[in-house]
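Down below is the structure, laid out as structure tokens.
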């Protein structure tokens with residue numbers, strides 16, 4: 001870890017967060033302003049996000065801090081400060097980042113004042129940090145997932161030392177949320193309710209880079225959501241690697257179901273979403289709370305990964321095929337209109353044709369509105385990477401194609417079932433392909449396109465679903 005000399009700063013640095021970070025934001029703002037005067041222009045910053053919705057939420061915080069420091073945010077990687085917020089779930093994600101760093105090296109040669117940063121999950125792997133320090137010396141700041149909130153302090157360390165500044169924390173010692181954040185959408189927001197993961201699925205690197213589970217205090221979560229509601233947010237997405245285990249490690253345990261009930265009472269919030277749910281921890285209480293809720297969206301992402309009890313055991317998922325089918329049955333009995341989506345891995349080590357047939361059986365019995373399907377690839381550092389019985393590539397691809405055909409056929413049928421209905425749709429943006437249309441989402445997360453303009457964005461409106469196009473609807477606004 002690098003440390004700058006705090007004695008060089010004229011006044012005492014606050015010892016507590018977030019005051020400490022606001023102190024460094026002001027110090028960085030002064031340094032950025034000095035640089036702008038020398039260059040005769042504003043400085044720009046670009047953040048590129050790889051990975052999951054938790055990474056996207058982290059990037060909103062990083063963006064907010066950089067804006068407070070004085071940077072103008074841009075999408076162009078030729079900016080004065082480029083920061084990559086990385087994912088490391090699959091090794092090809094790492095390769096992609098290194099490729100982008102190589103591109104930035106050329107840009108920096110022509111712009112020596114440019115800063116390059118890399119943060120996030122990939123930087124929680126010691127070998128990757130060593131690689132950056134040895135082979136990518138042009139990188140200026142390096143930090144991980146546990147100290148995202150310290151961006152201003154880290155940047156100050158780089159600006160005052162003139163050297164690569166590396167700070168990696170091994171775990172989430174502090175949860176600091178009360179820092180600047182710039183949301184992508186003014187009307188909806190992600191809210192972190194917990195960090196880390198205790199599940200140790202045999203194919204997954206996340207527990208090693210995100211650390212052990214740590215839940216936020218419920219009162220802090222509620223205070224944040226009340227503030228979001230007062231800012232005009234109508235939809236929130238509660239985020240965690242396994243939201244169903246929220247609260248078990250609090251001093252006074254609070255279940256995820258109870259947290260949802262408390263959030264339901266907050267005025268202004270009209271929709272509540274959450275992800276991700278681990279099947280082993282999804283309780284009957286949660287199903288009942290969802291069933292009776294006026295605000296919890298009728299969409300549940302419930303990763304299957306495999307339909308074979310044998311493979312699920314090798315994956316360390318801690319449920320069986322029958323457990324999963326029973327759980328899905330309970331959910332659909334309680335909420336027949338719910339949209340179920342899932343994740344499935346094909347070709348996990350030891351998967352036989354019979355194991356794969358079990359996966360097809362589950363998909364056929366449940367009927368998913370969407371499934372994110374993946375071909376298994378070794379992830380260095382996980383137990384599965386060392387497993388014998390790796391499935392031949394040609395067999396995996398053939399199975400993957402069969403699964404994709406089954407999933408897409410079922411999804412297309414399911415996604416047309418609301419044709420002719422009038423449903424509430426949150427209008428989110430101008431349609432990218434046709435500027436005469438706006439795009440929104442139903443409670444069950446289905447996409448809907450309707451004629452309209454920017455004045456509709458951020459509103460929840462009644463829409464008639466005129467026709468289904470397989471994976472989205474075309475609709476028309478209903479006069480109230």
Matching option when the condition is surrounded by fewer than 19 Cβ atoms within 10 Å (Cβ to Cβ), at pLDDT 95 or above and in a strand (DSSP E or B), among 343, 333: 343
Of all residues making up the stretch 79-93, the number that are modelled with pLDDT under 95 and surrounded by fewer than 23 Cβ atoms within 10 Å (Cβ to Cβ): 6
message: Quick check on my filter: what residues within the stretch 268-285 are touching a helix residue (DSSP H, G or I) at 6+ places or on another chain (Cβ under 9 Å) and under 22 Å from residue 441 (Cβ atoms)?
response: 268, 269, 272, 274, 275, 276, 277
- line: Filter the stretch 439-464 for residues that are assigned to a strand (DSSP E or B) and free of Cβ contacts under 8 Å to residues at least 24 places away in the same chain; the one that is nearest to residue 295 (Cα to Cα) is 441
- request: Looking for whichever is in contact with a helix residue (DSSP H, G or I) (Cβ under 9 Å, 6 or more places away or on another chain), surrounded by fewer than 21 Cβ atoms within 10 Å (Cβ to Cβ), more than 18 Å from residue 58 (Cβ to Cβ) and in contact (Cβ under 8 Å) with a residue 12 or more places away in the chain here; the options are 257, 245. Which one fits?
  value: 257
- request: Please indicate, with yes or no, whether at least one residue in the stretch 252-272 is modelled with pLDDT under 95 and over 19 Å from residue 342 (Cβ atoms).
  value: yes
Subset of the stretch 1-38 (residues that are in a loop (DSSP other than H, G, I, E, B), out of contact with any strand residue (DSSP E or B) (no Cβ under 8 Å at 6 or more places or on another chain) and either modelled with pLDDT of 60 or more or surrounded by fewer than 12 Cβ atoms within 10 Å (Cβ to Cβ) (or both)): 3, 5, 10, 11, 12, 13, 14, 15, 16, 17, 18
- request: Tell me which of these residue 334 doesn't satisfy, since it passes every other one: (1) under 25 Å from residue 203 (Cα atoms); (2) over 26 Å from the mean Cα position of the chain (by Cα); (3) touching a residue at least 12 places away in the same chain (Cβ under 8 Å).
  value: (1)
query: So which of 127, 58, 110 ends up being within 29 Å of residue 207 (Cβ to Cβ), surrounded by fewer than 20 Cβ atoms within 10 Å (Cβ to Cβ) and in the same structural domain as residue 27 (by the TED database)?
result: 127
Strands (runs of 3 or more DSSP E) wholly inside the stretch 86-193 containing at least 2 residues that are under 30 Å from residue 222 (Cβ atoms) and touching a helix residue (DSSP H, G or I) at 6+ places or on another chain (Cβ under 6 Å): 188-192
query: For the stretch 375-385, how many residues meet the condition of being in a strand (DSSP E or B) and crowded, with 16+ Cβ neighbours inside 10 Å?
result: 0
field: Every residue from the stretch 418-430 that is assigned to a loop (DSSP other than H, G, I, E, B) and buried (at least 16 other Cβ atoms within 10 Å of the Cβ)
entry: 418
task: Would you point out the residue of the stretch 130-146, among those that are within 27 Å of residue 42 (Cα to Cα) and in contact with a strand residue (DSSP E or B) (Cβ under 7 Å, 6 or more places away or on another chain), that is surrounded by the fewest Cβ atoms within 10 Å (Cβ to Cβ)?
output: 138
- prompt: Hey, among the residues in the stretch 194-203 that are part of a loop (DSSP other than H, G, I, E, B) and free of Cβ contacts under 8 Å to residues at least 60 places away in the same chain, which one's nearest to residue 73 (Cα to Cα)?
  reply: 196
- request: Would you be able to say whether some residue in the stretch 275-295 is under 21 Å from the mean Cα position of the chain (by Cα), surrounded by 17 or more Cβ atoms within 10 Å (Cβ to Cβ) and farther than 30 Å from residue 384 by Cβ?
  value: no
Scan of the stretch 416-435 for residues that are within 24 Å of the chain's Cα centre (by Cα) and in contact (Cβ under 8 Å) with a residue 24 or more places away in the chain, ordered by number: 425, 426, 427, 428, 429, 430
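The values are calculated or read from the model by the stated rules, or taken from the named source; none is laboratory data. It should be emphasised that the depicted structure is a prediction, and the values quoted were computed from it without experimental measurement. Backbone-built Cβ (ideal geometry, glycine too); neighbour counts: all protein chains shown.
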